[in-house]
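For reference, the structure is listed below as structure tokens.
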Amino acid sequence: MDIISNSHSHKFPKLDGLLPFHTIAMDLDGTLLDSRASISSLNHYVLQSALDQGVGLIIATGRRFSSALPYAQEFRGNVTVVANNGQVLRSSPDGERISETYISEKATFAVLSLGKKKGHSPLLHVDRFEEGIDILIESPITDEKYHNYSGGDIARTKVVSDLLEHSSDRVLVVCYLSLIKEELIELEKELLALPESSEYRTVITKIPGVSYCLEVLEKGVSKWTAIQSYLKISGLDEAGVISFGDELNDREMLFSSGYGFAMKNAVQSLKEGASYITKYSNNEDGIAMTLLELSLLSFR
């Protein structure tokens with residue numbers, strides 16, 4: 001297989017024969033979703049066709065499961081959802097938990113203590129989907145300091161007096177928000193200097209329409225490790241995964257898949273290391289157009 005690179009903006013595989021693939025894994029925001037946070041009709045048609053032909057669909061996102069579930073349910077059939085950047089793996093439409101990884105109480109306490117000491121307001125993502133709770137916070141989610149995080153939806157958040165008292169509460173992610181990226185970069189440096197940092201990793205992304213977000217996750221956990229769990233359970237190989245993403249939290253997924261595509265609109269550092277780059281952005285049906293140009297599916 002050769003790689004065609006017409007410019008620095010995209011790299012595209014030239015296939016000699018059919019690509020042996022069995023699973024499509026894709027990020028949500030900036031990838032599957034357009035700038036209106038919707039799945040386009042073309043993306044939906046092509047992906048539904050893949051699902052109907054026996055191809056596995058995985059939505060791999062930094063979002064919590066309840067936020068990603070409605071998108072998975074737009075498809076007919078079983079869709080697997082990697083939520084919280086790999087901390088939880090669940091199925092759709094039934095919501096059954098497949099695997100999970102929690103941050104240790106010790107590490108969570110240290111991360112919360114430092115963040116609060118520095119004047120930040122953390123959010124605690126917890127694995128309590130069945131109870132109707134996803135986020136623990138110390139002020140209402142509608143408070144301006146959360147920058148309209150989760151759309152200000154109070155339905156699945158719970159206000160507690162002190163998050164430090166909940167550091168053992170099935171914690172998936174500790175999250176800090178800021179409109180100023182440099183503030184989070186500085187906090188990240190201090191968090192990684194803590195003795196407990198051997199137990200966790202950090203990632204900074206930009207949430208469209210919200211703010212920058214610093215997430216603290218269990219070390220060694222990523223979207224890709226959750227996908228590996230899915231593959232192991234399903235008896236499938238890693239080479240048969242084609243993946244799409246646009247942010248740094250997609251790095252492991254794109255770099256480890258058989259065919260990993262950074263979106264045309266992806267952050268530059270991701271595109272620089274990616275094997276392939278789509279010719280189209282998330283607002284140009286990038287996933288569907290790539291699958292169509294690769295001639296990977298049959299249509300009637």
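Descriptive notes on the structure:
- Taking each DSSP H run with n ≥ 4 as -39500 (n - 2.57) and averaging over every residue of the chain yields -7500 deg cm²/dmol at 222 nm.
- Gained length - Asn283 relative to Leu248, 0.36 nm times residue gap less alpha-carbon distance: 10.7 nm
- Model label points for Ala37 and Gln73, set 7 angstrom from Cα along the Cα-to-Cβ axis, are 1.6 nm apart.
- Most to least packed among 59-68, 168-177 [average Cβ atoms within 10 Å]: 59-68, 168-177
- Where only alpha carbons of the stretch 105-218 are counted, the Rg and the Dmax (Å): 13.1, 36
- Considering only beta bridges that DSSP places wholly inside the stretch 177-278, some 60 percent are antiparallel.
- Here the stretch 229-300 is treated as a Stokes sphere of Kirkwood radius computed over C-alpha pairs; at 10 °C and 1.306 mPa s its diffusion coefficient rounds to 125 µm²/s.
- Whichever lysines have a C-alpha closer than 19 Å to that of Lys271, once near sequence neighbours (fewer than 8 apart) are set aside: Lys11, Lys14, Lys206, Lys223, Lys279
- Looking at the chain alone, DSSP beta bridges between its own residues are antiparallel in about 60 percent of cases.
- Share of carbon and sulfur in the accessible area of the chain stands at 49%, probe radius 1.4 Å.
- Per residue, the stretch 105-218 exposes 45 Å² of solvent-accessible protein surface, assessed with a 1.4 angstrom probe and all protein chains in place.
- Label zone of Ser104 (point 7 Å out along Cα→Cβ, amide N under 17 Å): in the stretch 76-98 this covers no residue at all.
- Debye intensity ratio in log₁₀ form over the Cα atoms of the chain, taken at each q of 0.08 Å⁻¹: -0.34
The values are calculated or read from the model by the stated rules, or taken from the named source; none is laboratory data. Since the structure is predicted, the reported quantities are computational estimates derived from the model, not experimental observations. Positions of Cβ are generated from backbone atoms using ideal geometry, with glycine treated the same way; all protein chains shown enter the neighbour counts. SASA here: full protein model, heavy atoms, side chains in, ligands and nucleic acids out. Shrake-Rupley method; radii C 1.70, N 1.55, O 1.52, S 1.80 Å.
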